[in-house]
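Visitor: Here it is, the structure, as structure tokens.
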Amino acid sequence: MILAIAAGAALASQAPAAPVRAPCRATEASRSLDFWIGDWDVYVGRQLDGRDSVERVLGGCAVTERWRDVQGGEGMSLFAFDARKDLWVQNWVTDDSSMPGGIKVKVLRARSPGSTTFQGEIEGKTGAVYYDRTILTALPGGRVHQEIQVSRNGVDWRTGFDAVYVPHGRKP
């Protein structure tokens with residue numbers, strides 16, 4: 001019994017735990033996706049194309065994206081922030097990973113306040129490898145523009161997806 005009391009007193013006398021550090025929120029690069037966090041209705045032109053939910057998790061060391069298009073197709077991203085390299089990496093997968101672009105890995109290539117560009121490579125149906133990039137840009141009114149482009153040579157880019165993210169329930 002005396003031993004138990006002594007052990008409890010020793011624990012109580014220890015210094016309080018140090019505050020939890022937030023290495024994944026400490027730099028400007030680590031906050032590159034903050035403007036995109038939210039629950040979104042996604043429009044291509046005036047037409048609703050789907051719904052996207054983007055959430056910061058794990059103390060800011062990751063961002064998840066859950067996509068569902070109007071036809072019921074689904075996709076999910078895990079953006080992971082490497083605090084050692086001050087760098088984001090995206091892993092994307094859809095419910096049809098047999099299709100080109102059904103699985104993608106992209107790395108943050110450019111950023112400025114309110115804009116990010118992720119780039120990687122995808123293999124086409126013929127086996128040819130293409131460059132693939134996603135550009136996210138904050139817009140007035142809390143909206144976000146997303147453009148996904150592909151290129152054979154990394155110089156000439158073709159837009160494959162061009163959409164505006166509007167907070168869920170708001171008019172476009």
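The values are calculated or read from the model by the stated rules, or taken from the named source; none is laboratory data. This one's a predicted model, so the numbers in the text were calculated from it and none came from an experiment. All Cβ positions, glycine included, derive from the backbone under ideal geometry; neighbour counts span all protein chains shown. With ligands, DNA and RNA removed, areas are computed over all heavy atoms of the protein, side chains included. Shrake-Rupley method; radii C 1.70, N 1.55, O 1.52, S 1.80 Å.
Visitor: Taking 7 Å along the Cα-to-C-beta vector as the label spot, tell me the Ser98-Asn153 distance in nanometres, rounded to one decimal.
Guide: 3.4 nm
Visitor: Separate question: Given Cα pairs under 8 Å that are at least 6 residues apart, what percent is the relative contact order of the chain?
Guide: 16 percent
Visitor: Rounded to the nearest 0.05, what FRET efficiency do Arg84 and Ala110 give with R0 = 22 Å and r taken as the Cβ-Cβ distance? Could you check?
Guide: Efficiency for this residue pair is about 0.65.
Visitor: Per residue of the range 77-89, what does 6.51 cos²θ - 1.76 cosθ + 1.60 with θ = phi - 60° give for ³J(HN,Hα)? Whole Hz please, x for Gly and Pro, Karplus curve as stated.
Guide: For the range 77-89, the Karplus curve yields 10, 10, 9, 10, 9, 8, 5, 5, 9, 6, 9, 9, 10 Hz.
Visitor: Give me the count of lysine pairs in the chain whose alpha carbons sit under 26 angstrom apart, restricted to pairs 8 or more positions apart or on different chains.
Guide: 4
Visitor: Note down the relative contact order for the range 30-111 as a percent, whole number, built from C-alpha pairs under 8 angstrom at least six residues apart.
Guide: Normalised by residue count, the contact order of the range 30-111 is 19 percent.
Visitor: Percent of accessible area on the chain owned by carbon and sulfur, 1.4 Å probe?
Guide: Roughly 56 percent, rounded to a whole number.
Visitor: Which ³J(HN,Hα) values in Hz, rounded to whole numbers, follow from the phi angles of the range 33-50 under the Karplus curve 6.51 cos²θ - 1.76 cosθ + 1.60, where θ = phi - 60° and Gly and Pro get x?
Guide: For the range 33-50, the Karplus curve yields 9, 3, 5, 9, 5, x, 10, 10, 9, 10, 10, 10, x, 9, 9, 5, 9, x Hz.
Visitor: In nanometres, what is the gap between the two model label sites at Thr126 and Thr64, each 7 Å from Cα along Cα-to-Cβ?
Guide: It is 3.9 nm.
Visitor: Which value at 222 nm does the chain reach when only helices count, each DSSP H run of 4 or more adding -39,500 (n - 2.57), with the total divided by all residues and rounded to the nearest 500 deg cm²/dmol?
Guide: -2000 deg cm²/dmol
Visitor: May I pose another question? Mind giving me the FRET efficiency for Arg25 and His168? R0 is 25 Å, r the Cβ-Cβ distance, nearest 0.05 is fine.
Guide: Here the calculated transfer efficiency is 0.50.
Visitor: Return one whole number: the accessible area per residue of the range 74-172 in Å², for a 1.4 Å probe.
Guide: 57 Å²
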